[in-house]
1. Within the range 277-322, count every residue that is of a type in the set (Gly, Ala, Ser), assigned to a loop (DSSP other than H, G, I, E, B), surrounded by fewer than 22 Cβ atoms within 10 Å (Cβ to Cβ) and at negative phi.
2. Can you say whether Ser240 is small (Gly, Ala, Ser) and under 30 Å from Ser276 (Cα atoms), as far as the supplied structure shows?
3. Only one residue in Asp220, Asp183 is of a type in the set (D, E, K, R) and either buried (at least 20 other Cβ atoms within 10 Å of the Cβ) or over 25 Å from Ala20 (Cβ atoms) (or both), so which one is that?
4. Of the numbered conditions (1) modelled with pLDDT of 95 or more; (2) more than 25 Å from Tyr311 (Cα to Cα); (3) of a type outside the set (A, V, I, L, M); (4) in contact with a Lys or Arg (Cβ under 7 Å, 6 or more places away or on another chain), Ser111 fails exactly one; give the number of that condition.
5. With Glu168, Glu174 as the choices, which residue is farther than 30 Å from Asp118 by Cα, surrounded by fewer than 16 Cβ atoms within 10 Å (Cβ to Cβ), over 15 Å from the mean Cα position of the chain (by Cα) and modelled with pLDDT of 95 or more?
6. Test Pro265 against the stated conditions and say whether it is touching a His at 6+ places or on another chain (Cβ under 7 Å) and in a loop (DSSP other than H, G, I, E, B).
7. In the range 223-243, which residues are surrounded by 19 or more Cβ atoms within 10 Å (Cβ to Cβ) and of a type in the set (Lys, Arg)?
Amino acid sequence: MQPFQPAWWLPNGHFQTLWASVIRRRPKVETQRERIELPDGDFLDLHWTSNASGPIVLVLHGLEGSIESNNVAGLLKACSLQGWRGVIMHFRNCGEEPNRLLRSYHAGETSDLAFIVDLLHQREPETPLAIVAISLGANVMLKWLGESQIQKPLQAAVAISTPFLLNESLMAVEEGFSRIYHDYLLRAMKQSATRKFSRIPRPLHIPDPRDIETIREFDDKITAPLHGFENRDHYYRTCSSRQYLKQIRLPTLIIHAMDDPFMTPEIPPTPDEVSSYVTLDYCPNGGHVAFVTGKWPWNATYWAEHRAFHYLNQGFRNCLAL
């Protein structure tokens with residue numbers, strides 16, 4: 001497959017990112033919701049594409065993402081065009097309604113992912129299964145792959161625009177023009193937490209989310225105490241995925257743009273920090289979960305989606321050939 005060539009009309013990471021997340025027309029894809037009851041009494045919402053059979057690709061969204069996100073819809077649409085079944089796992093509190101328990105999701109919460117992968121495999125043990133994850137979801141996936149050193153029942157995995165070092169990634173969006181991403185995400189996080197606490201009594205030690213002024217403060221006063229971390233630094237240090245990459249034992253593709261405005265060039269891992277199972281596909285340009293190419297805006301294509309499914313196709317072929 002040809003290397004990524006950015007569209008000439010989107011010359012830097014900010015233009016790429018804003019086009020893909022805001023201006024791109026969300027691909028139309030028909031899905032059906034499935035609610036999964038969890039052992040702790042909570043639930044997760046899955047949305048499946050309409051294909052009745054074929055390999056399964058589990059999609060993990062980014063921070064405060066959902067099936068409504070342009071990049072998620074693009075991945076699910078690409079699954080359908082391949083003749084595969086795409087399914088997005090909404091992290092807790094990211095579906096159509098807030099979850100039942102105080103705990104939610106965060107960049108290192110891997111137990112729900114493990115539960116869903118096991119469930120899908122138990123249902124169809126002979127069906128090829130892979131994961132494509134973006135942004136925060138990619139951090140969750142890579143951490144899980146490294147800490148569990150799992151290969152089966154998965155055939156392959158793809159991570160796109162991963163915040164490998166959480167504290168350093170947050171520092172990047174606190175500066176300059178990237179502050180617009182910080183403020184947008186903070187608003188979404190506050191709205192999500194406020195929605196939750198309208199259904200569940202807010203603990204006395206948790207402040208009103210509407211009074212939070214930064215993501216760092218949100219993580220210190222809400223994310224960390226609700227999920228058993230000492231503070232935000234403990235959360236960032238424990239959950240950053242870069243430290244787990246050497247232990248991955250599954251064919252895994254990492255796609256990353258060096259002009260990603262959510263990060264700095266020092267955040268992605270070097271080749272000696274990953275296992276032999278990991279392929280690093282670093283591009284000089286591409287923005288954050290964007291990678292827009294095409295001669296003109298009306299025929300824009302999204303290279304990372306094609307690259308991801310080109311990689312997964314090889315993994316599925318190897319599986320079906322056994």
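The values are calculated or read from the model by the stated rules, or taken from the named source; none is laboratory data. Since we're looking at a predicted model, the values are computed, not measured. Note that we place each Cβ from the backbone using ideal geometry, even for glycine, and neighbour counts take in every protein chain shown.
1. In the first step, residues of the range 277-322 are kept if they are of a type in the set (Gly, Ala, Ser); the result is 286-287, 290, 294, 300, 304, 308, 315, 321.
In the following step, the residues that additionally are assigned to a loop (DSSP other than H, G, I, E, B) were identified as 286-287, 290, 294, 300.
From the residues that got through so far, the ones that are surrounded by fewer than 22 Cβ atoms within 10 Å (Cβ to Cβ) too are 294, 300.
Then keep just the ones that are at negative phi; that gives 300.
Residues in the range 277-322 being of a type in the set (Gly, Ala, Ser), assigned to a loop (DSSP other than H, G, I, E, B), surrounded by fewer than 22 Cβ atoms within 10 Å (Cβ to Cβ) and at negative phi: 1 in total.
2. Working: small (Gly, Ala, Ser): yes; under 30 Å from Ser276 (Cα atoms): yes.
Answer is yes for this residue.
3. On the way: Asp183 fails: either buried (at least 20 other Cβ atoms within 10 Å of the Cβ) or over 25 Å from Ala20 (Cβ atoms) (or both).
None of the others qualify; the one that does is Asp220.
4. Failed condition: (4).
5. The unique qualifying residue is Glu174.
6. Here the answer is no, as Pro265 does not meet what is asked.
7. Passing the criteria: Arg232, Arg242.
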